[in-house]
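Novice: Next up is a structure, given as structure tokens.
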Amino acid sequence: MSEPGDDGALVLFSGGQDSTTCLAWALERFARVETVGFDYGQRHRVELERRGVLRQALTRLKGRWARQLGEDHTLSLTALSKVSDTALTRNVEIEMAEGGLPNTFVPGRNIIFLTFAAALAYRRGLRHIVGGMCETDYSGYPDCRDDTIKALQVALNLGMEKRFVLHTPLMWIDKAQTWALAETLGGAPLVEIVIEDTHTCYLGERGARHDWGYGCGTCPACRLRADGFARFHAAKGDAA
């Protein structure tokens, strides 16, 4: 098989705020963009249901994006929930676990996601792989660290004899800056899409509508998103 084309990208697309912002980022940079989501038995699987809604919303936002957005793929990784015992894969209370990590950490999740994404990109002829990993607002998850992603890129390229590039556009920005990046990429309409259509809440709550979007409002993901939105709006007010 020939080397992957340099104009194509595969985005790890969960249906959440971060991955939606990353999808918009990729659509601004690559001529051909495909998406992949993972069903790993997650407690908040409502995020998977938002993916189609979000893809349609983004294609309506910019005609160019509609032409560039290609196929969507959903891969079943339910074995991950069988080997993990976490608050994202079990109906248990979210709390800090031994070792200082929250029990929302799913060991190996991002490593497995990126490995399967690379295998899919190999078949689809896509060189660039985009993920929403972030070391700034990351709850201490070790597989979100820049060093982990760089090491994995080396391993994937050696193991598949390719030259994939793993992109993490959110790595060094916080949640307020992630909101700002969405505004830069798609203006107020993209910010509104993130508010109305994405899902981030770990508990899968979609009933209550807050100014920052839907969610329980109390889990770590909701608190992080809400705090970022408040700081994003405060910064806009200061700049006015």
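Novice: Would it be correct to say that residue 224 is in contact (Cβ under 8 Å) with a residue 40 or more places away in the chain, closer than 22 Å to residue 58 by Cβ, assigned to a helix (DSSP H, G or I) and of a type in the set (A, V, I, L, M)? Working first, answer last.
Specialist: Values: in contact (Cβ under 8 Å) with a residue 40 or more places away in the chain: yes; closer than 22 Å to residue 58 by Cβ: no; assigned to a helix (DSSP H, G or I): yes; of a type in the set (A, V, I, L, M): yes.
Here the answer is no, as residue 224 does not meet what is asked.
Novice: Which condition does residue 226 not pass, out of (1) farther than 27 Å from residue 10 by Cα; (2) at pLDDT below 95; (3) among the aliphatic types (A, V, I, L, M), if it passes all the others?
Specialist: Result: residue 226 passes all but (2).
Novice: So which residues in region 191-217 are surrounded by 14 or more Cβ atoms within 10 Å (Cβ to Cβ), in a loop (DSSP other than H, G, I, E, B) and either over 17 Å from the mean Cα position of the chain (by Cα) or not polar (S, T, N, Q) (or both)?
Specialist: Selection gives 199, 201, 202, 203, 204, 205, 206, 212, 215, 216, 217.
Novice: Go through (1) more than 16 Å from the chain's Cα centre (by Cα); (2) at pLDDT 95 or above; (3) of a type outside the set (A, V, I, L, M, F, W, C) for residue 177 and report which single condition fails.
Specialist: (1)
Novice: Go through (1) out of contact with any Lys or Arg (no Cβ under 9 Å at 6 or more places or on another chain); (2) crowded, with 20+ Cβ neighbours inside 10 Å; (3) modelled with pLDDT of 95 or more one by one and return the number of the condition residue 187 breaks.
Specialist: Of (1) out of contact with any Lys or Arg (no Cβ under 9 Å at 6 or more places or on another chain); (2) crowded, with 20+ Cβ neighbours inside 10 Å; (3) modelled with pLDDT of 95 or more, only one is false for residue 187: (2).
The values are calculated or read from the model by the stated rules, or taken from the named source; none is laboratory data. These numbers come from a predicted model, not from an experiment. Neighbour counts run over all protein chains shown; Cβ positions are idealised from the backbone, glycine included.
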